[in-house]
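Asks: Got a structure here, written out as structure tokens. Questions coming.
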Amino acid sequence: MNRATRPSPLDAILYHDPLMRVGFILHLSGQAPPLDHLAAHVRKRLDELPSFSLTLKGRGTKALWCHQPPDLDHHLRAVELPAGADVYDSVRELHKEPFADDRPPWTMTLLHGQAPGQYSIFYRINHGLQDGGAIARTLEVLFATEPIDALASSAVVHGSGVPPRPAPRHYAYAAKLLARSTAKSLLWPHPEVGYSTERVFHWTVVPTTTLRNMAHAHGGSVNDAFVATLARTASQWAARHHPHYDGTGLPVMLAINNRRPTVVDAPGNRASTGRFKVPGHLDPLARTLEAVVAATRPLKQPPYREAVRRLSENIPPSVIDRSFRSFFTPERAAVCSSNVSIRHPLALAGTPVHAIDGVTVLPLGAPVSVALISYQGSSRAVFVTDPVLPDTEELHQEWSAAVADAPPQATNCRS
């Protein structure tokens with residue numbers, strides 16, 4: 001069977017999990033187009049969007065991608081909101097809707113009427129069909145102001161055009177990293193309240209330059225500052241509400257993008273996961289940042305990144321299937337983070353996209369999952385929590401306050 005017709009075991013697991021729905025919210029300035037204009041725009045580009053025409057049949061290592069043309073009358077819709085309505089309330093309700101069993105699992109909803117000269121597009125899709133990189137590519141195909149080739153796409157890792165040949169030490173690092181991701185958690189699920197399948201979404205925004213400047217003194221990236229401040233916020237919350245947490249460190253799971261230009265448009269997931277123990281809130285923020293930068297430094301080097309990709313894609317499917325079924329159990333939960341940077345301006349019919357929010361998933365038993373979307377100078381985070389956990393409603397505000405309040409002396413000194 002052609003490899004292109006087979007999903008990875010991870011794709012098959014995610015596809016059949018009803019909680020695994022992801023997406024982006026695009027905010028535009030201008031007059032909302034008629035729905036048939038949006039449909040015509042999407043129809044012209046269907047050949048460049050293979051995920052829009054796929055369903056998955058079967059489970060595990062026997063699963064197959066099956067071609068099924070979409071019915072845009074089903075997949076595209078428009079919702080007129082009352083003046084002054086909160087777009088995020090509508091997104092929360094729309095996101096609860098299950099996908100139809102007999103159609104490709106994606107929808108695109110035009111939300112308008114909430115404010116003059118403003119409208120939004122909520123795109124959501126089954127996580128088995130697309131990861132964050134694939135969604136970024138979909139946005140480029142549909143809304144980029146000029147064509148973007150695969151090498152320049154926001155979907156791929158910088159410098160991944162001609163990957164280097166990894167040495168044994170690179171493979172050894174990658175093997176340890178991937179193995180660590182399947183370790184059992186000592187903290188989650190919460191020993192007193194457990195977990196549920198309900199999900200609560202909250203969004204917040206910080207300037208990208210604030211995160212970049214915070215990490216710059218330590219040779220880090222926007223993602224390093226994001227992970228460090230997220231770990232600090234989660235650590236403070238756990239210290240208040242977890243009976244066994246001592247505040248010294250917290251396991252954080254990072255999504256690692258492995259998508260290359262040759263598979264920029266491919267369906268499914270081209271990401272790995274890496275688990276790192278990040279210093280907790282009892283340490284100075286500078287020390288937390290240094291620890292995160294040191295932990296992620298290998299992933300910024302092409303040989304290590306390529307080793308992670310090759311190992312991830314060449315493990316026997318039966319082993320991957322068993323590993324990921326184990327990985328998604330509540331006993332292996334952690335604080336989850338992902339980060340997507342949209343590097344090119346987007347627009348629809350000349351109307352600019354001025355902001356982009358994410359919608360991500362929360363694995364069973366995990367305390368919080370956060371996706372950061374950086375675009376046009378803003379980094380917007382969606383916090384997903386389980387309502388059975390106490391006092392998680394303010395985590396998004398606590399995180400944005402931690403970013404804003406980080407004093408220069410705390411981030412620029414070396415402890």
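Asks: In the list Arg259, Arg309, Arg287, which residue meets the criterion of being in a helix (DSSP H, G or I) and within 18 Å of the chain's Cα centre (by Cα)?
Replies: Answer to the selection: Arg309.
Quick grid of which residues meet (1) touching an Asp or Glu at 6+ places or on another chain (Cβ under 9 Å); (2) surrounded by 17 or more Cβ atoms within 10 Å (Cβ to Cβ); (3) closer than 19 Å to Thr273 by Cα; (4) of a type in the set (Val, Ile, Thr):
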{"residue": "Ala167", "(1), (2), (3), (4)": "no, no, no, no"}
{"residue": "Lys176", "(1), (2), (3), (4)": "no, no, yes, no"}
{"residue": "Lys184", "(1), (2), (3), (4)": "yes, no, yes, no"}
{"residue": "Pro191", "(1), (2), (3), (4)": "no, no, no, no"}
{"residue": "Ser196", "(1), (2), (3), (4)": "yes, no, no, no"}
{"residue": "Phe201", "(1), (2), (3), (4)": "no, yes, no, no"}
{"residue": "Thr209", "(1), (2), (3), (4)": "no, no, no, yes"}
{"residue": "Arg232", "(1), (2), (3), (4)": "yes, yes, no, no"}
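Asks: Can you name the residue in segment 154-196 that is β-branched (Val, Ile, Thr) and closer than 26 Å to Arg310 by Cβ and, of all such residues, is farthest from the chain's Cα centre (by Cα)?
Replies: Going through the qualifying residues, I end up with Val162.
Asks: Select from segment 177-207 the residues that are touching a strand residue (DSSP E or B) at 6+ places or on another chain (Cβ under 6 Å) and closer than 21 Å to Val368 by Cβ and list them in ascending order.
Replies: Arg180, Ser181, Arg199, Val200, Phe201, His202, Trp203, Thr204, Val205, Val206
Asks: While we're on this one: Sort out which residues of segment 42-66 are touching a Pro at 6+ places or on another chain (Cβ under 8 Å), within 20 Å of Ile135 (Cα to Cα) and not hydroxyl-bearing (Ser, Thr, Tyr), and write them in order of number.
Replies: Leu46, Pro50, Phe52, Leu54, Leu56, Trp65
Asks: Then there is this: Name, by its number, the condition in (1) at pLDDT 95 or above; (2) outside any loop (DSSP other than H, G, I, E, B); (3) in contact with a Leu (Cβ under 9 Å, 6 or more places away or on another chain) that does not hold for Thr197.
Replies: (2) is the only condition that Thr197 fails.
Asks: If you check Arg325, Arg297, Arg332, which single one turns out to be in the same structural domain as Ala255 (by TED's automatic domain parsing) and crowded, with 17+ Cβ neighbours inside 10 Å?
Replies: Arg332
Asks: Suppose we filter Glu140, Glu97 for residues that are of a type in the set (D, E, K, R) and more than 27 Å from Ile256 (Cα to Cα); which single one remains?
Replies: Glu97
For every residue, the table says whether it meets (1) under 15 Å from Arg103 (Cα atoms); (2) in contact with a helix residue (DSSP H, G or I) (Cβ under 9 Å, 6 or more places away or on another chain).
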site	(1), (2)
Asp36	no, no
Arg43	no, yes
Lys62	no, yes
Gln68	yes, yes
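The values are calculated or read from the model by the stated rules, or taken from the named source; none is laboratory data. None of the values given here were measured: they were computed from a predicted structure. Note that we place each Cβ from the backbone using ideal geometry, even for glycine, and neighbour counts take in every protein chain shown.
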